[in-house]
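Report on the following structure.
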Amino acid sequence: MISSVSTSAMSNALSNSIVDLQKRLSIAQKELSTGQHADMSVAIGSQQTRDSLLHLSVSDIDAITASNNVVASRLEITQTSLQKLSTDAQAMRSALMTAQNGIGNRGAIIQQAQTALGAMMSGLNASSGGVFVFGGVKGDTAPITDTASAPPSAAKAALDAAFTSNFGFPPSDPLVSTITASQMDAFISGPMAALFSPASWTTDWSSASSSPLQNRISITRTSATSVTANDASFQKLAAGYTMLTSLGASNLSKDTFQAVVTAATNAIDQGVSGLTNLQEKVGVMQADVKSALDNMATQKDLLSAQIGALEGVDPSLASVTVTNLMTQIETSYSLTARIQQLSLTKYL
């Protein structure tokens, strides 16, 4: 039996081989450039479910990390605001201590209290990324209403009404000069104190929620990540400043003004102590968020290493494969060219 192989058949066979080699080269080059298997389902087989779960864990960490960065920024603004409130309050307290010693300008003290109260309201309305940081879970609403607004705020109207009901004339009336120190003490500890109770505060002063924001700061932990404008320390500061700004202080007798100064000093002292506690509380939150960020960065590195072990290719082996395939293709092209040059007439 005689068998024969034509040059055409040989050429076609080599051409098919080249096409196959080119496909394999394309895959090998892709793996070399990406460092990953080109066809993951074939490469990792039964490990595909584990691979998917690892990717989901990394995505979860990335989402929490992004959220924590926002939380960290919000807490930084909160801490800065608290520090400013504390500085202003301590400066006010120093001025009041001077006034208690019979030194100091009454008008300057009243003006300082007005400035401090305005700064407190501004600080409590601080925002970050469109969220009011002291709003609690009601972060989309400004927590504090300006008592100097026109028309008068609910807080200012309530205080004026209580004052007028108690004394028979408003704080702006010159008759405030007839109020005795004991009468003023009774008003401050009674009707006025009621206006700065938690219930009145959330009715007349604050629109904030008493529930702080909660954030998932790690894979396994959800934590409070804010303080709210309804904290008692802010009520005490506001009460102390308001005693100096809204009780007709400029027209009070010397003794009665001293009674107001003493009461305001006590309220501001309590406010400063509360602010210190809040600063420590926020500091703990900041430390927790930073620790969570550091831990998740480590977890992500470990997960990424596991993903790399499943999906990755050996770069050295991939490079050798590309080189070998290119050599085979060049050899095939050379053989094809030689076969195509074969002709029977050359041998006749």
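The values are calculated or read from the model by the stated rules, or taken from the named source; none is laboratory data. Predicted model, so just to flag it, every value in this text is computed and none were measured. We place every Cβ from the backbone using ideal geometry, glycine too, and count neighbours over all the protein chains shown. Keep in mind that these areas ignore ligands, DNA and RNA; they rest on the heavy atoms of the full protein, side chains included. Shrake-Rupley method; radii C 1.70, N 1.55, O 1.52, S 1.80 Å.
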Per the rule of 0.36 nm per residue minus the C-alpha distance, extending residue 258 to residue 203 adds in nm 16.8 nm
Solvent-accessible area per residue for region 45-160 at a 1.4 Å probe radius, Å²? 48 Å²
Residues residue 149 and residue 69, FRET efficiency given R0 of 41 Å [Cβ-Cβ distance, rounded to 0.05]: 0.70
Please report the accessible area of residue 131 (heavy atoms, 1.4 Å probe, ligands and nucleic acids excluded) in Å², nearest 10. 50 Å²
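Could you tell me the calculated FRET efficiency between residue 287 and residue 97, based on Cβ-Cβ distance and R0 = 35 angstrom, to the nearest 0.05? Can you show the working numbers first?
Numbers: r = 34 Å, r/R0 = 0.98.
It comes to 0.55.
Kindly give Rg over Rh for region 184-263, based on alpha-carbon atoms, with the Kirkwood expression for the hydrodynamic radius.
Answer for region 184-263: 1.20.
Please report the carbon-and-sulfur percent of the accessible area for region 191-265; probe 1.4 Å, protein heavy atoms only, DNA, RNA and ligands left out.
Heavy-atom surface of region 191-265 belonging to carbon and sulfur, 1.4 Å probe: 51 percent.
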Over the Cα atoms of region 109-207, each weighted equally, I'd like the Debye log10 I(q)/I(0) at q = 0.11 Å⁻¹, rounded to two decimals. -0.41
